[in-house]
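Have a look at the structure below before the remarks.
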Amino acid sequence: MALLDWIAAEAGLRIEGEAVYLRPPRGSDFVAWQDLRTQSRDFLQPWEPTWAGDDLTGAAYRRRLAAYQRDRETGAAYSFFVFRQADDALTGGITLSNIRRGVAQMGTLGYWCGKPYARQGLTLGAVRALTQFAFQRLDLHRLEAACVPQNTPSRRLLAQAGFIEEGEAKAYLKINGVWRDHVLFGLVSPLRSWDSRDFGFSA
């Protein structure tokens, strides 16, 4: 299991995972993000909502950053870019959204990976890291995720990360312009039986 380390730096949160690290997006990431999304468009579009006409522009990116910051400040969501530890290459993104407190204590996990970095275990490392962050740092009780049934790599990734397939929701999300059925996954926190030694560090 990877050692997690939360660092309070100027740029905000940083999470160390298996071969990757996660941190909130910055303005200086724009060019790398734009390049990766551009070259991965055909790879990503079948599994994502339709991209807006100005999706890859600087103005749209600044709006994203502002929304991410608002979500962090209110505790509604945490958005991160995923970087490969070996060379700091931007490989994709991952978000913990729809965080509900009260009797729910749950959130929804979503992610994307650029085409050049697919099938290398990097997104799996990011999912595992953010899962531990959600359970240990945010004290959430449950995480949910979903993917279209035909997205076999994503289904396999979630299973490897410990998520349990719980069923199918009809016309769950509008993906690439079409309302698509989704397979639903869930993961309940095992932290009630964990202590800090399970993570390789002590308080």
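Brief remarks on what is shown
For (1) free of Cβ contacts under 8 Å to residues at least 60 places away in the same chain; (2) over 24 Å from residue 181 (Cβ atoms), each residue gets a yes or a no:
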site	(1), (2)
47	no, no
65	yes, yes
68	yes, yes
73	yes, yes
101	yes, yes
107	yes, no
133	no, yes
136	no, yes
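- The set of residues in the stretch 82-99 being surrounded by 15 or more Cβ atoms within 10 Å (Cβ to Cβ) and more than 22 Å from residue 46 (Cβ to Cβ) consists of 83, 84, 89, 96, 99.
- Scanning the stretch 27-40 for residues that are over 16 Å from the mean Cα position of the chain (by Cα) and of a type outside the set (Ser, Thr, Tyr) yields 27, 29, 30, 31, 32, 34, 35, 36, 39.
- Residue in the stretch 117-140 that is surrounded by fewer than 22 Cβ atoms within 10 Å (Cβ to Cβ), touching a Lys or Arg at 6+ places or on another chain (Cβ under 9 Å) and farther than 21 Å from residue 14 by Cα present: yes
- Residue that is farthest from residue 55 (Cα to Cα) [pool: residues in the stretch 152-190 that are touching a residue at least 40 places away in the same chain (Cβ under 8 Å) and surrounded by 18 or more Cβ atoms within 10 Å (Cβ to Cβ)]: 189
- Evaluation of residue 102 against the conditions (1) exposed (fewer than 14 other Cβ atoms within 10 Å of the Cβ); (2) under 14 Å from the mean Cα position of the chain (by Cα) shows that the sole unmet condition is (2).
- The stretch 174-203, subset among the small types (Gly, Ala, Ser) and closer than 22 Å to residue 144 by Cβ, residue modelled with the highest pLDDT: 186
The values are calculated or read from the model by the stated rules, or taken from the named source; none is laboratory data. These figures come from a predicted structure and were not determined experimentally. FYI the Cβ positions are ideal-geometry reconstructions off the backbone, even for glycines, and counts take in every protein chain you see.
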